[in-house]
Amino acid sequence: MLPLKNKKCITPSDYHGWKWGEPAEVNLNNVRCKFCDNIIKGGITKLKKHLGAKRENVAPCPRVSIQARKNIAQQHQELHSEKVSK
Ligand SMILES: [Zn+2]
């Protein structure tokens, strides 16, 4: 299911992000958004900002579902709280 070859480079967060995008090119730096079909340059991290509308040098997704956006926000919180508890 996962279209990646170098799996050791994938963080759990990145793995999750591939639900909403797919590699547009071999080098994985360009990801096609499954909601709006735009090509996001900068990898899965950028795609998640695109979907979460973080506005950090990336255009917000016009078609992302509220469910997906909540999912991403939740993920961020979980990752953050993990870091804090350790
Ligand atoms: Zn999009």
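Overview of results
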| item | result |
| --- | --- |
| Residues being assigned to a helix (DSSP H, G or I) and either within 17 Å of residue 21 (Cα to Cα) or in contact with a helix residue (DSSP H, G or I) (Cβ under 9 Å, 6 or more places away or on another chain) (or both) - total across segment 42-77 | 20 |
| Members of segment 8-31 found to be modelled with pLDDT of 80 or more and either more than 13 Å from the ligand (Cβ to nearest atom) or in contact with a helix residue (DSSP H, G or I) (Cβ under 9 Å, 6 or more places away or on another chain) (or both), listed by number | 19, 20, 21, 29, 30, 31 |
| Inter-residue pairs, beta-carbon under 6 Å, first more than 12 Å from residue 72 (Cβ to Cβ) and in segment 35-51, second away from the ligand (no atom under 11 Å from the Cβ) and not in a helix (DSSP H, G or I), 6+ apart | 39/24; 39/30; 41/30; 43/29 |
| Pairs, first more than 16 Å from residue 38 (Cβ to Cβ) in segment 63-75, second among the basic types (Lys, Arg) and within 14 Å of the ligand (Cβ to nearest atom), C-beta under 6 Å, six or more apart | 72/48 |
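The values are calculated or read from the model by the stated rules, or taken from the named source; none is laboratory data. Note that this is a predicted model, so its numbers are computed, not measured. Cβ sites come from the backbone with ideal geometry, for glycine too, and all protein chains shown count toward neighbours.
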